[in-house]
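Asker: Just dropping this structure here.
Bear in mind these aren't lab numbers, they're just calculated from the coordinates by the rules spelled out. Predicted model, so just to flag it, every value in this text is computed and none were measured. Backbone-built Cβ (ideal geometry, glycine too); neighbour counts: all protein chains shown.
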Amino acid sequence: MSDQKLHHAAASRVAGKGRAQKFDVNVIAARHEDEGVDFICLWEDANGDWHSGPITFPRNSGEHDVEFKLDDRTGLNLAFEASGSNAIWFNADCCPTSASGDDKGQIHDRHVETGNKKLKLKNRNSSACNLHYALRFTGNSWTSPGGKQHNAPYVYDPEFRNEGGTNR
């Protein structure tokens with residue numbers, strides 16, 4: 001698949017008047033000798049520009065539905081942790097180290113679907129803040145060619161950048 005087609009299939013944003021805006025985010029996973037699994041998130045902003053890394057929610061854009069779709073290229077049978085509260089952890093100050101991190105009251109309705117390959121949540125975007133998050137995956141263990149053992153959970157930890165506000 002060409003990069004352009006991959007990017008087009010990977011993420012799109014649909015805005016609708018009077019309803020939450022939607023971010024579709026493709027999470028691509030590939031084996032990495034040192035890290036076990038390497039991840040990248042691809043998403044599209046309201047202008048149709050493609051990004052990887054932190055997802056920015058514009059000021060006064062209201063609540064957003066976020067749907068993460070796993071594209072597992074590792075051969076390790078990766079899947080999101082079964083429960084929404086274990087599939088993604090949040091923390092406002094730094095990378096989360098447990099499910100009890102502070103999401104500043106911004107995140108709700110976390111749930112996993114479609115054979116644990118899809119994670120959905122809602123981001124209120126009502127307060128300006130950066131939310132670090134950890135996407136958490138189950139999967140098979142493996143040993144790299146250099147002899148390093150890698151075990152689940154495999155974790156990816158980018159961030160949301162909420163610019164706050166709820167008006168449209």
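Asker: Suppose we keep just the DSSP beta bridges with both residues in the chain; what percent of those would be antiparallel, to 5?
Answerer: Taking every DSSP beta bridge with both residues in the chain, the antiparallel ones total about 75 percent.
Asker: Are there any chymotrypsin sites (Phe, Trp or Tyr not before Pro) in segment 21-69 that are in a DSSP loop and have at most 11 other Cβ atoms within 10 Å? List them by number. Please report the intermediate quantities before stating the final value.
Answerer: Working: sites: PHE23, PHE39, TRP43, TRP50, PHE68; in loops: none.
Within segment 21-69, no chymotrypsin sites (Phe, Trp or Tyr not before Pro) qualify (loop, at most 11 other Cβ atoms within 10 Å).
Asker: On alpha-carbon atoms, Rg over Rh for segment 3-163 using Kirkwood Rh?
Answerer: Taking Rh as the inverse mean 1/r over Cα pairs, Rg/Rh reads 0.97.
Asker: Below 15 angstrom from the Cβ of LYS148, what's the summed charge of the other residues (Lys, Arg +1; Asp, Glu -1)?
Answerer: Here the charged neighbours net out to -3.
Asker: Principal axes first, then extents: for the Cα atoms of segment 59-148, list largest minus smallest coordinate on each axis, whole Å, largest first.
Answerer: 48, 28, 21
Asker: With labels modelled as points extended 7 Å from the Cα through the Cβ direction, what inter-label distance (nm, one decimal) is found for ASN151 paired with ASP38?
Answerer: Rounded to a tenth, the inter-label distance reads 2.5 nm.
Asker: Please identify which residues in segment 107-137 have an amide N closer than 15 Å to a label point set 7 Å out from the Cα of GLU163, following the Cα→Cβ vector.
Answerer: 125-130
Asker: Report the FRET efficiency, 1/(1 + (r/R0)^6), for SER127 and ALA30, where r is their Cβ-Cβ distance and R0 is 35 Å, rounded to 0.05.
Answerer: On the way: r = 35 Å, r/R0 = 0.99.
That gives a FRET efficiency of 0.50.
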